[in-house]
Amino acid sequence: MVMPPLPRIAPSLLAADFTRLGEEVRAVEKAGADWLHLDIMDGHFVPNISFGPALVKALRPLTAMPFDVHLMIAPADPYLEAFAKAGADIISLHPEAGPHLHRSLQTIRALGRKCGVVLNPATPVSAVESVMDLVDLILVMAVNPGFGGQSFLTSQLAKISALRRMIDATGREIALEVDGGVTTATAPQCLEAGADTLVAGTAVFGADDYAGAIAALKSGGGAKPCRT
Ligand code: DX5
Ligand code: ZN
């Protein structure tokens, strides 16, 4: 998988028009999106249900964008192979989704896919500390998972900074992604804190001009990065 230049923007399909998903995927790719973020929700781990591997598989031939699959399901282990076969490039899961995070990450790697760990707002950075040698991506939730369109929790900025230091100390290539409430107002703060990949649902699919929205997020919202 070729890594696009930073920062990457990963529009979240959850905010797309579900009656025209194929067109929406093609439109964000044309508009400059780097990855496609796919939110998988089971109505159990999070209080919402979205879609499963069948949709991921159906969309796969439509685009060359890497598929960034965010599993909000528990257990996740029984479905890892299905998402890998459906065409996921990166599969991320929450440590709370199962008893053996290290084993789950190993499984994703064995399936030939990149693996990620997702930290909820209340989950400390220590949850990923012992798997830094294995992860390809760390995803910081800046909202509680389950729904798009929520407000960004600024309390998560310190976590992004701490993870940036931890990642740099490893010398490994680990993407640092932020998910939830990313807008032109909060993107500069995320990038300043050390994130290199931004998930954006409402901020992209809710905009009239997808290309303009993606460009604005990439350039730090057009605003000067602000320190917190
Ligand atoms: C929330 C999802 C997010 C969500 C982001 O559980 O993980 O990816 O779609 O939506 P916005 O960008 O609207 O906050
Ligand atoms: Zn997500």
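Provide the FRET efficiency to the nearest 0.05 for the E96-D208 pair, computing r from the beta carbons and using R0 = 45 Å. If you can, show how the numbers build up before the last one.
Details: r = 37 Å, r/R0 = 0.83.
The calculated FRET efficiency here is 0.75.
Leaving out ligands, DNA and RNA, and with a 1.4 Å probe, what % of the accessible surface on the chain is carbon or sulfur?
On the way: 5220 of 9620 Å².
Answer for the chain is 54 percent, counting heavy atoms of protein chains only.
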Under the 7 Å Cα-to-Cβ spin-label approximation, A158 and E129 lie apart by a distance in nanometres of 1.6
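When ligands, DNA and RNA are left out and all protein chains stay put, how many square angstrom of accessible area per residue does the chain have with a 1.4 Å probe?
Values: 9620 Å² over 228 residues.
Ligands and nucleic acids excluded, the result is 42 Å² per residue.
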The FRET efficiency for L62 and L6, from their Cβ-Cβ distance with R0 = 25 Å and rounded to 0.05, is 0.50
Dividing the mean separation of Cα pairs under 8 Å (6+ apart) by the residue count of the range 8-221 yields a relative contact order in percent of 21
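Using every Cα-Cα pair within the chain, state what percent have a distance larger than 24 Å. Could you put the intermediate results ahead of the total?
Working: 9584 of 25878 pairs.
Cα-Cα pairs of the chain separated by over 24 Å account for 37 percent.
Out of all DSSP beta bridges with both ends in the chain, state the antiparallel percent to the nearest 5.
Details: 1 of 31 bridges.
That works out to approximately 5 percent antiparallel.
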Burial-style ranking of 180-188, 168-176, average other-beta-carbon count within 10 Å with highest first, yields 180-188, 168-176
Ignoring ligands and nucleic acids, T154 exposes an accessible area, probe 1.4 Å, in Å² to the nearest 10, of 90
Close lysine pairs (the range 8-221; alpha-carbon distance under 23 Å; 8 or more apart or on separate chains) counted at 7
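The values are calculated or read from the model by the stated rules, or taken from the named source; none is laboratory data. Model, not experiment: these values are computed from the prediction. Positions of Cβ are backbone-derived with ideal geometry, glycine not excepted, and every protein chain shown enters the neighbour counts. Accessible surface areas use protein heavy atoms only, side chains included; no ligands, DNA or RNA. Shrake-Rupley method; radii C 1.70, N 1.55, O 1.52, S 1.80 Å.
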